[in-house]
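The structure appears below as structure tokens.
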């Protein structure tokens with residue numbers, strides 16, 4: 001019989017970067033008593049996101065962060081060609097890191113769907129699920145985890 | 001008892017930019033009679049996409065649009081370094097805004113999974129779900145909304 | 001009665017580019033005996049991804065590949081403005097195509113949720129689901145396909 005289980009998780013972040021959620025998500029799945037199903041993980045914010053990436057070498061995470069930081073700089077929109085004017089962000093009330101954080105969120109994922117089986121997320125050997133914080137300060141982040149299965 | 005409900009929505013857009021779908025999606029969920037479940041929203045086109053972003057300050061949307069427009073210009077692929085040749089889009093039969101629209105779609109999301117509970121989408125205070133139109137002209141866009149829950 | 005069906009697929013790729021998965025996914029759905037439901041397709045790797053894009057003109061795929069290749073070059077992070085130093089990738093043990101592949105994965109999707117009905121994926125006329133390989137060499141790629149429906 002298929003049933004569902006909707007949970008909430010809280011994560012504290014301290015500056016831009018990655019928090020590995022995989023173990024916490026697996027604990028929630030195990031405690032639901034469900035063996036196999038679909039997990040929908042959603043981030044309830046617009047300046048951090050979810051991503052699946054490499055779980056072994058922390059330099060992968062450093063390179064990911066460096067790339068996204070260069071792609072979406074705090075100064076504003078830079079013409080890709082390097083020619084033309086810088087256009088500063090219009091939305092700057094909450095500091096220079098806020099609008100880049102919204103754009104970095106749009107370029108990654110606010111929610112993820114993954115299978116679980118045997119009471120654990122079905123991930124590849126090298127995959128982890130990360131919360132990707134895009135803001136500079138200390139933040140309390142809320143996630144929903146929705147399990148549907150048997 | 002878990003059950004499902006598959007619906008279609010139509011949205012008219014007039015040029016690149018954002019249409020807030022949140023209220024329309026909530027009306028569909030309410031009319032389904034389901035209280036809690038998973039909603040899969042899919043865009044049935046390859047030149048517009050779905051995104052979750054800030055619902056309060058319209059300048060956020062203006063900055064998102066300006067960023068993606070600069071990142072994927074109509075002229076073609078520009079080397080990030082600013083050095084080297086411009087490579088024009090090969091696919092240009094449907095106008096200069098078409099190939100950039102396909103790329104902008106690939107960089108955002110064609111479908112989203114979100115929880116709903118209490119007959120409404122489970123979103124953060126500042127989150128809205130937008131259709132992000134990437135083409136210039138007037139368009140009729142079809143979306144599917146699949147609800148599974150109880 | 002809602003039920004679920006979890007499957008695995010293998011795909012062989014030979015260099016960066018696209019493999020259309022649509023027909024293979026439809027065959028799996030048909031063989032499950034399910035008519036209508038949600039399909040969660042997940043890629044169990046961190047250097048290839050899933051994307052939905054245009055199914056008609058192969059030049060769209062060539063332009064998508066050219067764009068992402070220019071955006072995430074093998075040399076490292078290039079400042080968007082064209083000014084300033086190149087910062088080489090820290091993670092380079094597995095060759096120059098590996099770290100760009102992780103970033104291209106982060107900018108696209110590791111998993112997709114789509115509806116199916118009539119025993120087939122509910123896609124727009126011009127949509128196909130692709131595995132987007134981001135590495136240079138020959139690879140064996142594993143995907144999971146999770147169907148839940150009736």
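Data overview
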quantity: Label 7 Å beyond Cα on the Cβ vector: residue B:86 copy-to-copy distances, nm; calculated: 2.4, 2.4
quantity: Rg over Rh [alpha-carbon atoms, Kirkwood Rh] for region A:3-149; calculated: 1.04
quantity: C-alpha long axis of helix B:58-71 to longest principal axis of chain B, angle in °; calculated: 40 degrees
quantity: Inter-copy separations for residue A:12, label at 7 Å along Cα-Cβ, nm, ascending; calculated: 5.2, 5.2
quantity: Within 10 Å of each Cβ in C:130-140, the average number of Cβ atoms from other chains; calculated: 0
quantity: Nearest-ten-degree value, helix B:22-32 long axis tilted from longest Cα axis of chain B; calculated: 30 degrees
quantity: Relative contact order [Cα under 8 Å, 6+ residues apart], region A:3-149, whole percent; calculated: 56 percent
quantity: Helix C:98-107 axis, angle to chain C major axis (alpha carbon atoms, nearest 10°); calculated: 50 degrees
quantity: Overall Cα dimensions of the protein assembly as shown, principal axis frame, Å, largest first; calculated: 60, 48, 45
quantity: Ascending list, in nanometres, of distances separating the residue B:35 label from those of the other copies (7 Å, Cα toward Cβ); calculated: 2.8, 2.8
quantity: MRE, 222 nm, helices only [DSSP H, n ≥ 4, -39500 (n - 2.57), over chain A, to nearest 500]; calculated: -7000 deg cm²/dmol
quantity: By average C-beta atoms within 10 angstrom, highest first, the peptides B:95-102, A:136-143; calculated: B:95-102, A:136-143
quantity: Shielding by other protein chains, C:61-72, mean Cβ within 10 Å; calculated: 6
quantity: Residue-averaged beta-carbon neighbours from other chains (10 angstrom radius) around A:9-16; calculated: 0
quantity: GNM result for chain B, Cα springs below 10 Å: residue of B:30, B:16, B:42 fluctuating most strongly; calculated: B:30
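All of the numbers you see were taken from the coordinates with simple rules; none came from a lab. In this text the structure is predicted, and so the values were computed from the model without any measurement. Every residue, glycine as well, gets a Cβ built from its backbone with ideal geometry; the counts of neighbours run over all protein chains shown.
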